[in-house]
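One structure is given here, and the rest of the page talks about it.
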Amino acid sequence: MEGGLRHRPKTLDEVFRLREREPECRLLAGGTDLCVQHRGRLGETPLLSLRRVAELRGVARSRPDLPGAADLLPGGECLRIGAGTTLSALLNETEIERGFPALRAALSAIGSRQIRNVATIGGNLCNASPAADGAPPLLVLDAAVEIASREGRRLLPLEEFFRGPGRTSLGAEEILAAVWVPLPFEDEVSVFLRKGRVKMDIAIASLALRCRRGAGTLSGLRLAAGAVGPTPLRLRRTEALLEGASLKDCGLVREPGGRPRAREDGLLARAMDEASKEIAPIDDLRASAWYRRRLVRVFLERAVAEVFAQ
Amino acid sequence: MKARLRFRLNGKVVETEVETHWRLLDLLRDGLGLTGTKEGCGAGECGACTVLCDGEAVNACLMLALEAEDREIRTVEGLVGPGGRLSAVQRAFVEEGGAQCGFCSPGMVMSAQALLLEDPDPSEERIREALTGNLCRCTGYKQIVAAIRRAASLRRSEAGEGERGEAGGEG
């Protein structure tokens with residue numbers, strides 16, 4: 001089959017029909033990863049563009065009326081983010097600016113203006129890079145993905161969507177239609193920390209934290225890390241250690257320079273040890289596994305300090 | 001394989017035939033001879049190919065030409081006003097010495113244009129943020145930032161004078 005941009009359908013129904021007829025076609029969203037991966041070979045790559053599919057774009061408050069919603073999104077009201085929404089469009093959403101600071105920080109760290117103006121949230125997730133900055137904040141928000149096919153729609157926890165580097169749970173005829181994010185609690189805090197070599201660079205490691213401040217304790221704590229394993233990872237054992245901890249339990253002190261530090265005998269220091277065991281980083285051209293473990297430890301220390309400082 | 005494409009380029013409707021695998025950059029440079037838009041890295045890192053798509057900065061190396069269908073594309077050639085009068089951003093780059101080898105300049109100018117369309121009086125921080133995706137390997141960033149500050153004030157004073165402006169040169 002000849003490559004290049006073969007189809008530009010306007011509806012999902014058309015997308016499903018075309019894919020049935022031409023299963024070789026790769027789906028093209030913003031193209032900022034795909035055009036780089038297939039650079040110089042676009043003539044051999046048959047492509048189906050999703051850019052004109054209006055029903056894939058946009059952000060709205062909504063209640064999920066899908067199988068499994070009662071278990072996966074028990075809070076009811078959610079933000080439904082169309083998979084084809086660009087990162088710039090998401091950054092312009094007041095709902096995201098107000099309620100989801102970690103998500104906003106992560107999205108604004110992706111690429112450059114030029115990239116964010118076309119790159120989509122669905123593309124960021126479907127590309128399934130372990131370093132995808134969109135993933136850790138969505139994981140800690142208990143996001144679920146809405147997957148569509150000719151047969152209908154299904155919901156899946158985002159955590160189960162990632163299967164390995166570049167691999168997702170999407171079946172051959174399925175498409176990521178939207179991301180559902182439960183609305184934040186009144187006392188919710190979220191933090192996203194990342195390190196790249198320069199601002200536009202891919203993350204060497206990242207960490208997202210979400211919790212409720214409760215009565216001065218970490219409650220409903222969620223942690224997720226990026227670029228330190230084959231997929232973005234929820235750090236469940238570390239979460240369990242810190243759940244319900246107060247500032248005193250954590251053993252956070254301030255160094256003379258003002259930098260927060262976890263005392264060796266405190267709970268936070270134990271959690272930092274646990275986090276560095278729970279991740280599975282590799283050595284690559286960006287950093288060593290050793291450095292990535294150090295980063296995750298320091299990110300956890302700073303993120304917890306930030307929660308108590310807020 | 002070829003396909004028909006219709007879009008607006010620098011204010012004029014263009015109807016042309018393109019290879020389906022062409023990037024917008026290939027169409028502009030090889031198909032239409034508009035060589036102001038440069039190819040640096042071809043991977044969305046350097047920003048030398050920055051153009052405006054519906055007023056927003058995009059990398060022409062990461063966009064398929066056919067995706068321009070029904071959209072408004074503006075290249076550096078489209079900033080020049082009647083009689084070859086340079087736009088405020090272009091004049092400011094000249095006056096502040098915002099170019100050394102010049103290869104990154106068209107992309108820098110287009111990113112600056114996009115920023116000023118969105119924010120007529122950007123802070124230095126916003127200017128630097130808007131240039132994250134534009135690399136200058138002569139490292140002349142200081143003059144480039146100064147040029148954008150000057151361009152902002154030039155544009156504001158021109159708007160204030162109610163001048164006819166840069167007809168065809170906006171977004």
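The values are calculated or read from the model by the stated rules, or taken from the named source; none is laboratory data. All values derive from a computational prediction rather than experimental measurement. Glycine also receives a Cβ, built like all others from the backbone with ideal geometry; neighbour counts cover every protein chain displayed.
What number of residues within the range B:124-141 satisfy the criterion of being surrounded by fewer than 17 Cβ atoms within 10 Å (Cβ to Cβ) and touching an Asp or Glu at 6+ places or on another chain (Cβ under 9 Å)?
Total meeting the criteria: 1.
Looking for something more than 30 Å from A:ARG212 (Cβ to Cβ), within 14 Å of chain B (Cβ to nearest Cβ), modelled with pLDDT of 95 or more and in contact with a strand residue (DSSP E or B) (Cβ under 6 Å, 6 or more places away or on another chain) - is there at least one such residue anywhere in the range A:72-93?
Looking for residues that are more than 30 Å from A:ARG212 (Cβ to Cβ), within 14 Å of chain B (Cβ to nearest Cβ), modelled with pLDDT of 95 or more and in contact with a strand residue (DSSP E or B) (Cβ under 6 Å, 6 or more places away or on another chain), one finds at least one in the range A:72-93, hence yes.
Going through B:ALA48, B:ALA57, B:ALA43, B:ALA3 one at a time, which residue ends up being over 22 Å from B:PHE103 (Cα atoms) and either touching a strand residue (DSSP E or B) at 6+ places or on another chain (Cβ under 7 Å) or part of a loop (DSSP other than H, G, I, E, B) (or both)?
On the way: B:ALA48 fails: over 22 Å from B:PHE103 (Cα atoms); B:ALA57 fails: over 22 Å from B:PHE103 (Cα atoms); B:ALA43 fails: over 22 Å from B:PHE103 (Cα atoms).
The conditions single out B:ALA3.
State all residues of the range B:31-40 that are farther than 17 Å from A:GLY4 by Cα and either free of Cβ contacts under 8 Å to residues at least 40 places away in the same chain or not in a loop (DSSP other than H, G, I, E, B) (or both); if no residue qualifies, say none.
First, the residues of the range B:31-40 that are farther than 17 Å from A:GLY4 by Cα: B:32-40.
Hits for the range B:31-40 are B:LEU32, B:GLY33, B:THR35, B:GLU39.
How many residues does the range A:173-204 contain that are among the aliphatic types (A, V, I, L, M) and within 14 Å of chain B (Cβ to nearest Cβ)?
Counting residues in the range A:173-204 that are among the aliphatic types (A, V, I, L, M) and within 14 Å of chain B (Cβ to nearest Cβ) gives 3.
Kindly indicate whether any position in the range A:271-281 is touching a Pro at 6+ places or on another chain (Cβ under 9 Å) and crowded, with 17+ Cβ neighbours inside 10 Å.
No, there is no match, as no residue in the range A:271-281 is touching a Pro at 6+ places or on another chain (Cβ under 9 Å) and crowded, with 17+ Cβ neighbours inside 10 Å.
Suppose the filter is within 14 Å of chain B (Cβ to nearest Cβ) and not aliphatic (A, V, I, L, M); does A:ARG150 pass it?
No: the conditions fail for A:ARG150.
So B:ASP119 clears everything in (1) at pLDDT below 95; (2) closer than 26 Å to B:SER157 by Cα except one condition, right? Which one?
Condition (1) is where B:ASP119 drops out.
Among the listed residues A:LEU218, A:LEU209, A:LEU242, identify the single one that is within 21 Å of A:ILE81 (Cα to Cα) and either touching a residue at least 40 places away in the same chain (Cβ under 8 Å) or more than 22 Å from the chain's Cα centre (by Cα) (or both).
Being within 21 Å of A:ILE81 (Cα to Cα) and either touching a residue at least 40 places away in the same chain (Cβ under 8 Å) or more than 22 Å from the chain's Cα centre (by Cα) (or both) holds for just one of A:LEU218, A:LEU209, A:LEU242, which is A:LEU209.
Select from the range B:32-67 the residues that are under 17 Å from A:GLY40 (Cα atoms) and more than 10 Å from every other protein chain (Cβ to nearest Cβ) and write down the one among them that is surrounded by the most Cβ atoms within 10 Å (Cβ to Cβ).
Ranking the qualifying residues of the range B:32-67, first place goes to B:LYS38.
Please report, ordered by residue number, the strands (runs of 3 or more DSSP E) entirely within the range A:1-70 with at least 1 residues that are within 9 Å of another protein chain (Cβ to nearest Cβ).
Output list reads A:4-7, A:26-28, A:46-49.
From the set of residues in the range A:101-128 that are more than 14 Å from chain B (Cβ to nearest Cβ) and touching a Lys or Arg at 6+ places or on another chain (Cβ under 9 Å), which is surrounded by the most Cβ atoms within 10 Å (Cβ to Cβ)?
The extreme case among them is A:ALA106.
Looking at the range B:89-99, can you tell me whether even one residue there is within 14 Å of another protein chain (Cβ to nearest Cβ) and buried (at least 18 other Cβ atoms within 10 Å of the Cβ)?
Looking through the range B:89-99, none of the residues is within 14 Å of another protein chain (Cβ to nearest Cβ) and buried (at least 18 other Cβ atoms within 10 Å of the Cβ).
Taking into account only those residues within the range A:167-195 that are without any contact (Cβ under 8 Å) to a residue 40 or more places away in the chain and assigned to a loop (DSSP other than H, G, I, E, B), which is nearest to A:ALA148 (Cα to Cα)?
In this case the residue turns out to be A:GLU174.
Across the range B:127-139, what is the total count of residues that are more than 9 Å from chain A (Cβ to nearest Cβ) and closer than 16 Å to B:VAL89 by Cα?
Here the count works out to 2.
Are there any pairs, at least 6 apart or on different chains, whose C-beta atoms fall under 6 Å, with the first in the range B:78-91 and part of a loop (DSSP other than H, G, I, E, B) and the second modelled with pLDDT under 95 and surrounded by 17 or more Cβ atoms within 10 Å (Cβ to Cβ), and if so, which?
Listed by first residue and then by second, the contacts come to B:GLY81/B:GLU166; B:GLY81/B:GLY169; B:SER87/B:GLU166; B:SER87/B:GLY169.
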